[in-house]
Amino acid sequence: GLTYWSLLLAGGTGGPALVASLTRSSEYVQLRITQAYLRVLGRAPDAAGLAGWSSQILAGKVPVDDVQRRFYSSQEFANRSGGTDAGFVAALYPSILGATRVATSVEVDLWVAKVRQYGRSKVVDSIWFSFEAASARAGTYYLLFLHRTADPAGRAYWARVLLARGEGAVRTGIAGSQEYWNRAQTRTF
């Protein structure tokens, strides 16, 4: 794999195109599904779940970035959160907004009312697509690709990109950046 991708880069394929291609591979898709199961549901995927999600993603029916978000709306996540609406909301905050972000009692009450009025999926989407959540996810891409904490301006910029164009645009943008290229040149394999 390393030789193949190196030849593509040497042949003029740019970093963003390379990242886009890699993130459409079945290996990447299965990795992301497994990570979503572990992160949200606290368990490895069952064979049927992994196969079902993989086939839907690879067929273009579901974006790979939607799996984790959809798991938050599941009954399994609600059960893991204590089986109550308040427990569900309280568990969403650190899971989606960052490990240290705890919902205040006012926030819990507000979202519990929304769960009861609109359902869990609507609440998950409202929190997931907030600027705060997008900023947290943008920050994780800095750590993943650049091995550093995002500066406030960069984090805000990529949060806006994420909300407007999706996580794929953030991945290809950061992994296709000159900073990433410079870091990649100094890595040893």
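The values are calculated or read from the model by the stated rules, or taken from the named source; none is laboratory data. Everything numeric here is computed off the predicted structure, so don't read it as measured data. Positions of Cβ are generated from backbone atoms using ideal geometry, with glycine treated the same way; all protein chains shown enter the neighbour counts. The area values use the complete protein model at the heavy-atom level, side chains included, leaving out ligands, DNA and RNA. Shrake-Rupley method; radii C 1.70, N 1.55, O 1.52, S 1.80 Å.
Any chance you could give the angle, 0 to 90 degrees and rounded to 10, that helix 26-36 forms with the longest Cα principal axis of the chain?
Between helix and principal axis, roughly 30 degrees.
Can you give the three extents of the C-alpha atoms in the range 38-128 along their principal axes, from longest to shortest, in whole Å?
Cα extents, longest axis first: 41, 23, 22 Å.
Counting only C-alpha contacts under 8 Å and six or more residues apart, can you give the relative contact order of the chain as a whole percent?
With pairs under 8 Å counted, the relative contact order is 19 percent.
Just to confirm the number: angle between the C-alpha axis of helix 47-58 and the first principal axis of the chain, 0 to 90 degrees, nearest 10?
Roughly 60 degrees between the two axes.
Taking the range 125-189 as the region of interest, what is the percent of Cα-Cα pairs per 5 angstrom bin, listed from the shortest bin to the one with the maximum distance?
4, 19, 29, 24, 12, 6, 4, 1, 0
Could I have the simple spin-label model distance between A184 and E132, label points 7 Å from Cα toward Cβ, reported in nm to one decimal?
Taking the two extended label points, one gets 3.5 nm.
Given R₀ = 25 Å, what would the calculated FRET efficiency be for K61 paired with R39, taking r from the Cβ atoms and rounding to 0.05?
On the way: r = 22 Å, r/R0 = 0.88.
Computed FRET efficiency for K61 and R39 comes out at 0.70.
Please report, in debye to the nearest 20, how large the charge dipole of the chain is about its Cα centre when each Lys and Arg carries +1 at its beta carbon and each Asp and Glu carries -1 there.
Result for the chain is approximately 100 debye, rounded to the nearest 20.
Probe of 1.4 angstrom, ligands and nucleic acids ignored: what's the accessible area per residue over the chain, in square angstrom?
55
At q = 0.09, 0.12, 0.13, 0.15 Å⁻¹, what base-10 log of I(q)/I(0) does the Debye formula yield for the chain when every alpha carbon is treated as an equal point scatterer in vacuo?
Evaluating at q = 0.09, 0.12, 0.13, 0.15 Å⁻¹ gives log10 I(q)/I(0) of -0.38, -0.66, -0.77, -0.99.
Would you work out which of G42, S54, L92 lies farthest towards the positive end of the dipole of the range 37-172? Charges go on Cβ: Lys and Arg +1, Asp and Glu -1.
Positive-end residue among those listed: S54.
Rounded to the nearest 500, what is the chain's calculated 222 nm mean residue ellipticity when only DSSP H runs of at least 4 contribute -39500 (n - 2.57) each, over all residues?
Numbers: 13 runs with 132 residues, N = 189.
Using -39500 (n - 2.57) per qualifying helix, the result is -20500 deg cm²/dmol.
Using a 1.4 Å probe over the heavy atoms of the protein chains, calculate the carbon and sulfur portion of the accessible area of the chain as a whole percent.
Roughly 57 percent, rounded to a whole number.
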